[in-house]
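Working notes, beginning with the structure itself.
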Amino acid sequence: MELPLDALSKGYRIPGTEIYIDPLEPVRCAIISHAHGDHAVEGHENVYCSAGTAALISKRFTYPAKKIFEMPFGETVTIEGIKVSLHPAGHMLGSSQVRWEKDGKIIVYSGDYKREEDKSCEPFEIVKCDTFITEVTFGQQDKTHPPAAEIIAALNTHDGLNMLIGAYNLGKAQRLTRLINDNLPSYRVMIHSKMVAYHKVYESMGFSLGPWEPYKREAFKNQKNIIYLVSPATLLNFRPAKHFIRAFATGWEEKAARYDFSVPVSDHADWPSLIRTIKECEAKEIFTIHGEGETLKNTPELSGIFIAPLKH
Ligand SMILES: [Zn+2]
(Lines give C-alpha, C1' and ligand atoms only; values in the text may rest on other atoms or scores of the structure.)
Protein backbone atom coordinates (compact mmCIF):
# COMPACT_ATOMS: atom_id res chain seq x y z
CA MET A 1 0.00 0.00 0.00
CA GLU A 2 1.29 3.47 -0.88
CA LEU A 3 1.62 5.70 2.16
CA PRO A 4 -0.14 9.09 1.87
CA LEU A 5 3.13 10.92 2.57
CA ASP A 6 6.78 10.01 2.13
CA ALA A 7 8.50 10.47 5.48
CA LEU A 8 11.91 11.84 4.44
CA SER A 9 14.68 13.39 6.51
CA LYS A 10 13.63 16.88 5.30
CA GLY A 11 10.02 16.21 6.25
CA TYR A 12 6.80 14.85 4.76
CA ARG A 13 6.40 14.90 0.96
CA ILE A 14 3.35 14.15 -1.17
CA PRO A 15 4.42 11.07 -3.20
CA GLY A 16 5.33 11.73 -6.81
CA THR A 17 5.69 15.51 -6.20
CA GLU A 18 8.16 17.96 -4.72
CA ILE A 19 5.50 19.33 -2.36
CA TYR A 20 6.56 19.10 1.28
CA ILE A 21 4.30 19.58 4.29
CA ASP A 22 5.95 21.20 7.32
CA PRO A 23 9.50 20.46 6.11
CA LEU A 24 12.27 21.21 8.60
CA GLU A 25 14.83 22.15 5.93
CA PRO A 26 14.44 24.72 3.16
CA VAL A 27 12.69 23.31 0.05
CA ARG A 28 11.31 24.61 -3.23
CA CYS A 29 7.66 24.11 -2.26
CA ALA A 30 6.42 23.96 1.34
CA ILE A 31 2.93 23.89 2.76
CA ILE A 32 3.17 25.10 6.36
CA SER A 33 0.41 24.04 8.75
CA HIS A 34 1.26 26.56 11.48
CA ALA A 35 3.98 28.86 12.77
CA HIS A 36 5.43 26.73 15.61
CA GLY A 37 9.13 25.94 15.26
CA ASP A 38 8.62 22.17 14.92
CA HIS A 39 6.49 22.81 11.79
CA ALA A 40 7.83 26.03 10.27
CA VAL A 41 11.40 26.94 9.33
CA GLU A 42 12.72 29.80 7.22
CA GLY A 43 14.45 29.87 3.85
CA HIS A 44 11.95 28.10 1.58
CA GLU A 45 11.43 29.18 -2.00
CA ASN A 46 7.62 28.98 -2.16
CA VAL A 47 5.43 28.71 0.93
CA TYR A 48 1.70 28.00 0.91
CA CYS A 49 -0.09 28.77 4.17
CA SER A 50 -3.04 30.56 5.79
CA ALA A 51 -3.11 34.33 6.27
CA GLY A 52 -2.52 33.94 10.03
CA THR A 53 0.50 31.70 9.51
CA ALA A 54 1.86 34.08 6.85
CA ALA A 55 1.62 37.02 9.28
CA LEU A 56 3.28 35.06 12.08
CA ILE A 57 6.17 33.57 10.09
CA SER A 58 6.81 36.99 8.58
CA LYS A 59 7.18 38.33 12.13
CA ARG A 60 9.13 35.34 13.42
CA PHE A 61 11.70 34.89 10.62
CA THR A 62 14.10 37.26 8.87
CA TYR A 63 13.71 35.34 5.60
CA PRO A 64 10.51 33.27 5.76
CA ALA A 65 10.45 32.48 2.01
CA LYS A 66 11.12 33.91 -1.43
CA LYS A 67 7.38 33.95 -2.03
CA ILE A 68 4.45 33.33 0.33
CA PHE A 69 1.13 32.28 -1.19
CA GLU A 70 -1.68 32.99 1.28
CA MET A 71 -4.48 30.47 0.99
CA PRO A 72 -7.91 31.50 2.33
CA PHE A 73 -9.46 28.64 4.32
CA GLY A 74 -11.56 26.32 2.17
CA GLU A 75 -10.28 27.62 -1.17
CA THR A 76 -8.70 25.09 -3.54
CA VAL A 77 -5.34 25.83 -5.13
CA THR A 78 -3.61 23.59 -7.68
CA ILE A 79 0.06 22.99 -6.88
CA GLU A 80 2.06 20.76 -9.24
CA GLY A 81 -1.25 19.38 -10.51
CA ILE A 82 -2.47 18.51 -6.98
CA LYS A 83 -5.64 20.15 -5.65
CA VAL A 84 -4.90 21.44 -2.16
CA SER A 85 -6.98 23.35 0.39
CA LEU A 86 -6.47 24.46 4.00
CA HIS A 87 -9.00 24.17 6.83
CA PRO A 88 -8.76 25.51 10.40
CA ALA A 89 -7.14 23.21 12.98
CA GLY A 90 -8.03 25.18 16.14
CA HIS A 91 -4.47 24.87 17.54
CA MET A 92 -3.41 28.54 17.31
CA LEU A 93 -3.87 31.54 15.00
CA GLY A 94 -3.74 30.40 11.36
CA SER A 95 -3.22 26.71 12.20
CA SER A 96 -4.40 24.57 9.31
CA GLN A 97 -5.28 21.07 8.29
CA VAL A 98 -4.09 20.31 4.76
CA ARG A 99 -6.51 18.54 2.40
CA TRP A 100 -5.52 17.20 -1.02
CA GLU A 101 -6.81 14.80 -3.64
CA LYS A 102 -4.68 12.05 -5.15
CA ASP A 103 -5.63 9.01 -7.22
CA GLY A 104 -9.31 9.56 -6.46
CA LYS A 105 -8.76 9.73 -2.70
CA ILE A 106 -9.20 12.64 -0.32
CA ILE A 107 -6.36 12.88 2.18
CA VAL A 108 -6.20 15.23 5.18
CA TYR A 109 -3.11 16.02 7.28
CA SER A 110 -4.25 17.37 10.63
CA GLY A 111 -1.19 19.32 11.76
CA ASP A 112 -1.47 20.04 15.49
CA TYR A 113 -5.12 20.48 16.47
CA LYS A 114 -7.63 20.73 19.28
CA ARG A 115 -11.42 20.59 19.48
CA GLU A 116 -11.88 22.72 22.60
CA GLU A 117 -13.15 26.27 22.17
CA ASP A 118 -10.36 28.83 21.82
CA LYS A 119 -11.41 32.41 21.21
CA SER A 120 -7.88 33.35 20.15
CA CYS A 121 -8.02 31.40 16.88
CA GLU A 122 -10.21 29.95 14.14
CA PRO A 123 -12.23 26.89 15.34
CA PHE A 124 -11.38 23.36 14.11
CA GLU A 125 -13.36 22.24 11.10
CA ILE A 126 -14.25 18.62 10.32
CA VAL A 127 -13.09 17.70 6.83
CA LYS A 128 -14.56 14.45 5.48
CA CYS A 129 -11.87 12.31 3.91
CA ASP A 130 -10.72 8.81 2.95
CA THR A 131 -7.37 9.04 4.72
CA PHE A 132 -6.72 11.09 7.86
CA ILE A 133 -3.18 11.72 9.10
CA THR A 134 -3.61 12.71 12.72
CA GLU A 135 -1.29 13.98 15.42
CA VAL A 136 -1.44 11.82 18.55
CA THR A 137 0.55 13.96 20.99
CA PHE A 138 -1.86 12.83 23.73
CA GLY A 139 -2.62 9.37 22.37
CA GLN A 140 -2.80 7.71 25.77
CA GLN A 141 -6.13 6.17 26.62
CA ASP A 142 -8.25 8.27 28.98
CA LYS A 143 -5.95 11.32 28.73
CA THR A 144 -8.46 14.15 29.10
CA HIS A 145 -7.73 17.88 29.29
CA PRO A 146 -10.01 19.68 31.78
CA PRO A 147 -11.88 22.68 30.27
CA ALA A 148 -9.42 25.58 30.03
CA ALA A 149 -11.96 28.18 31.18
CA GLU A 150 -12.49 26.23 34.44
CA ILE A 151 -8.75 25.83 35.01
CA ILE A 152 -8.23 29.58 34.76
CA ALA A 153 -11.32 30.50 36.83
CA ALA A 154 -10.06 28.17 39.58
CA LEU A 155 -6.88 30.25 39.97
CA ASN A 156 -9.08 32.69 41.89
CA THR A 157 -8.31 30.72 45.06
CA HIS A 158 -4.83 32.27 45.33
CA ASP A 159 -6.14 35.33 47.18
CA GLY A 160 -4.74 37.95 44.84
CA LEU A 161 -1.19 36.61 45.06
CA ASN A 162 0.76 37.36 41.90
CA MET A 163 1.36 34.47 39.52
CA LEU A 164 4.16 33.78 37.12
CA ILE A 165 3.02 31.43 34.37
CA GLY A 166 5.36 29.85 31.84
CA ALA A 167 3.80 29.69 28.36
CA TYR A 168 5.19 29.42 24.84
CA ASN A 169 5.62 32.90 23.34
CA LEU A 170 3.53 31.99 20.34
CA GLY A 171 0.07 30.46 20.64
CA LYS A 172 -0.18 29.55 24.32
CA ALA A 173 0.61 33.07 25.59
CA GLN A 174 -2.09 34.66 23.42
CA ARG A 175 -4.67 32.01 24.36
CA LEU A 176 -3.91 32.45 28.08
CA THR A 177 -4.20 36.23 27.82
CA ARG A 178 -7.70 35.85 26.41
CA LEU A 179 -8.63 33.09 28.90
CA ILE A 180 -7.49 35.16 31.89
CA ASN A 181 -9.37 38.23 30.69
CA ASP A 182 -12.53 36.17 30.17
CA ASN A 183 -12.38 33.96 33.26
CA LEU A 184 -10.28 35.76 35.87
CA PRO A 185 -10.98 39.45 35.23
CA SER A 186 -9.78 40.56 38.68
CA TYR A 187 -6.21 39.94 37.46
CA ARG A 188 -4.05 42.17 35.23
CA VAL A 189 -2.13 40.38 32.48
CA MET A 190 1.52 41.32 32.00
CA ILE A 191 3.55 39.71 29.23
CA HIS A 192 7.23 39.21 28.45
CA SER A 193 8.67 41.56 25.82
CA LYS A 194 9.18 38.68 23.35
CA MET A 195 5.42 38.06 23.26
CA VAL A 196 4.41 41.61 22.40
CA ALA A 197 4.87 41.34 18.62
CA TYR A 198 2.84 38.09 18.48
CA HIS A 199 0.04 39.57 20.61
CA LYS A 200 -0.15 42.42 18.10
CA VAL A 201 -0.33 40.03 15.13
CA TYR A 202 -3.27 38.22 16.75
CA GLU A 203 -5.08 41.50 17.27
CA SER A 204 -4.33 42.68 13.74
CA MET A 205 -5.92 39.46 12.45
CA GLY A 206 -9.11 40.26 14.36
CA PHE A 207 -8.64 38.13 17.49
CA SER A 208 -9.11 40.37 20.50
CA LEU A 209 -7.13 39.19 23.54
CA GLY A 210 -8.53 41.71 26.02
CA PRO A 211 -6.32 44.05 28.05
CA TRP A 212 -2.61 43.23 28.48
CA GLU A 213 0.54 45.21 29.15
CA PRO A 214 4.30 44.64 28.92
CA TYR A 215 5.94 43.51 32.18
CA LYS A 216 6.48 46.20 34.81
CA ARG A 217 8.92 45.00 37.42
CA GLU A 218 8.02 47.44 40.21
CA ALA A 219 4.30 46.85 39.87
CA PHE A 220 4.74 43.06 39.86
CA LYS A 221 6.80 43.35 43.03
CA ASN A 222 4.64 45.78 44.96
CA GLN A 223 1.07 45.26 43.78
CA LYS A 224 -1.30 42.29 43.84
CA ASN A 225 -3.62 40.59 41.33
CA ILE A 226 -1.10 40.37 38.48
CA ILE A 227 -0.35 37.40 36.23
CA TYR A 228 2.96 37.65 34.38
CA LEU A 229 3.34 35.38 31.33
CA VAL A 230 6.90 34.36 30.45
CA SER A 231 8.46 31.79 28.16
CA PRO A 232 9.30 28.39 29.73
CA ALA A 233 13.02 29.27 29.49
CA THR A 234 12.52 32.55 31.38
CA LEU A 235 10.40 30.77 33.98
CA LEU A 236 13.44 28.64 34.88
CA ASN A 237 15.31 31.81 35.91
CA PHE A 238 12.77 32.67 38.59
CA ARG A 239 13.47 31.09 41.96
CA PRO A 240 10.62 30.71 44.46
CA ALA A 241 9.77 34.07 46.03
CA LYS A 242 7.32 35.50 48.57
CA HIS A 243 5.47 37.84 46.23
CA PHE A 244 4.47 35.31 43.55
CA ILE A 245 3.83 31.64 42.80
CA ARG A 246 4.93 29.82 39.65
CA ALA A 247 3.34 27.44 37.14
CA PHE A 248 4.06 26.05 33.67
CA ALA A 249 0.98 25.95 31.42
CA THR A 250 1.15 22.52 29.81
CA GLY A 251 -0.87 19.36 29.32
CA TRP A 252 2.13 17.30 30.43
CA GLU A 253 1.68 16.58 34.14
CA GLU A 254 5.32 15.69 34.75
CA LYS A 255 6.51 19.06 33.38
CA ALA A 256 3.89 20.98 35.40
CA ALA A 257 4.73 19.17 38.65
CA ARG A 258 8.03 21.04 39.10
CA TYR A 259 6.20 24.26 40.01
CA ASP A 260 3.96 25.65 42.76
CA PHE A 261 0.56 25.17 41.10
CA SER A 262 -0.72 23.67 37.90
CA VAL A 263 -2.29 25.13 34.74
CA PRO A 264 -3.03 22.05 32.58
CA VAL A 265 -4.08 24.01 29.49
CA SER A 266 -3.19 22.17 26.28
CA ASP A 267 -3.54 23.10 22.61
CA HIS A 268 -3.54 19.48 21.45
CA ALA A 269 -6.39 17.01 21.06
CA ASP A 270 -6.94 14.83 24.13
CA TRP A 271 -8.06 11.19 23.90
CA PRO A 272 -11.83 11.81 23.59
CA SER A 273 -11.16 14.48 20.93
CA LEU A 274 -8.96 12.11 18.91
CA ILE A 275 -11.65 9.41 18.88
CA ARG A 276 -14.40 11.91 18.08
CA THR A 277 -12.41 13.49 15.24
CA ILE A 278 -11.50 10.16 13.65
CA LYS A 279 -15.17 9.13 13.71
CA GLU A 280 -16.49 12.46 12.43
CA CYS A 281 -14.08 12.74 9.48
CA GLU A 282 -15.30 9.28 8.36
CA ALA A 283 -11.85 8.21 7.14
CA LYS A 284 -11.31 4.49 6.61
CA GLU A 285 -7.55 4.83 6.97
CA ILE A 286 -5.77 6.60 9.81
CA PHE A 287 -2.05 7.31 9.92
CA THR A 288 -0.59 8.68 13.15
CA ILE A 289 2.22 11.22 13.65
CA HIS A 290 3.74 13.05 16.66
CA GLY A 291 3.24 10.35 19.25
CA GLU A 292 2.22 6.81 20.00
CA GLY A 293 -0.78 5.68 17.98
CA GLU A 294 -0.67 2.10 19.26
CA THR A 295 -3.49 2.55 21.76
CA LEU A 296 -5.83 3.75 19.01
CA LYS A 297 -5.59 0.40 17.25
CA ASN A 298 -7.10 -1.44 20.20
CA THR A 299 -10.01 0.93 20.71
CA PRO A 300 -13.32 -0.86 20.16
CA GLU A 301 -15.01 2.37 18.96
CA LEU A 302 -12.59 2.48 16.02
CA SER A 303 -12.84 -1.20 15.00
CA GLY A 304 -12.92 -1.65 11.23
CA ILE A 305 -10.73 1.41 10.62
CA PHE A 306 -7.18 0.79 9.40
CA ILE A 307 -4.75 2.50 11.83
CA ALA A 308 -0.97 2.65 11.44
CA PRO A 309 1.92 4.99 12.22
CA LEU A 310 3.12 7.02 9.23
CA LYS A 311 6.75 6.32 10.11
CA HIS A 312 8.05 2.91 11.15
ZN1 LIG B 1 2.05 23.42 17.29
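Rg/Rh, computed from the Cα trace of region 148-256 with Rh as the Kirkwood radius, has the value 0.93.
Sequence-ordered 3J(HN,Hα) estimates for region 257-266 from the Karplus curve with 6.51, -1.76 and 1.60 and θ = phi - 60° stand at 5, 6, 10, 7, 8, 10, 10, x, 8, 10 Hz, glycine and proline given as x. The string of couplings for region 281-288 from the Karplus curve (6.51, -1.76, 1.60, θ = phi - 60°) is 7, 6, 5, 9, 10, 10, 10, 9 Hz, one whole number per residue in order, with x for Gly and Pro. For region 148-256, the residue among F238, I151, I227 whose Cα projects farthest onto the positive side of the dipole built from Cβ charges is F238.
For region 148-256, the number of Lys pairs separated by eight or more positions or lying on different chains, with C-alpha atoms closer than 17 Å, is 7. For the residues Y63, Y202, a 1.4 Å probe over the protein chains yields an accessible-area ranking, largest first, of Y63, Y202. With Cα atoms as the point set, the radius of gyration and Dmax of region 219-282 evaluate to 16.5, 55 Å.
Suppose a student asked you for the relative contact order of the chain, using Cα pairs under 8 Å spaced at least 6 residues apart; what percent would you report? Normalised by residue count, the contact order of the chain is 16 percent. Taking θ as phi - 60° and the Karplus parameters 6.51, -1.76 and 1.60, the scalar couplings of region 87-94 work out to 9, x, 10, x, 8, 6, 3, x Hz in sequence order, x denoting glycine and proline.
Using a 1.4 angstrom probe on heavy atoms only, work out the carbon and sulfur share of the accessible area of the chain in %. It would help to have the intermediate numbers written out before the result.
Numbers: 6900 of 13620 Å².
Solvent-exposed carbon and sulfur of the chain make up 51 percent of the total.
Under the convention that each Lys and Arg Cβ holds +1 and each Asp and Glu Cβ holds -1, the size of the dipole of the chain around its Cα centre is about 1200 debye. A P(r) calculated from all alpha carbon pairs of region 177-229, with 10 Å bins opening at zero, reads 25, 54, 20, 1 percent. In the context of the full set of protein chains, the chain has a per residue accessible area of 44 Å² (1.4 Å probe). Among the GluC sites (Glu not before Pro) found in region 1-82, those both in a DSSP coil and sparsely packed, with 10 or fewer other Cβ atoms within 10 Å of their Cβ, are E2, E75.
Note on region 228-250 and region 39-109: Cα centroid distance 34 Å, given to the nearest whole angstrom.
Sort W271, W212 by accessible area with a 1.4 Å probe, largest first. Mind showing how you got there, number by number?
On the way: W271 20, W212 55 Å².
Listed by decreasing accessible area, they come as W212, W271.
The alpha carbons of region 76-184 give a radius of gyration and a Dmax of 17.7, 60 Å, in that order. Relative to the globular-protein estimate of 2.2 N^0.38 Å, the Cα radius of gyration of the chain stands at 1.03. For the set T157, T295, T277, solvent exposure ranked by accessible area (probe 1.4 Å, protein chains only) runs largest to smallest as T157, T295, T277.
Computed with every protein chain present, the accessible area of Y109 is close to 0 Å² [probe 1.4 Å].
The values are calculated or read from the model by the stated rules, or taken from the named source; none is laboratory data. These numbers were taken from a predicted model, which means no experiment stands behind them. Cβ: placed from backbone, ideal geometry, glycine included. Neighbour counts: every protein chain shown. For accessibility, only protein heavy atoms count, side chains too; no ligands or nucleic acids. Shrake-Rupley method; radii C 1.70, N 1.55, O 1.52, S 1.80 Å.
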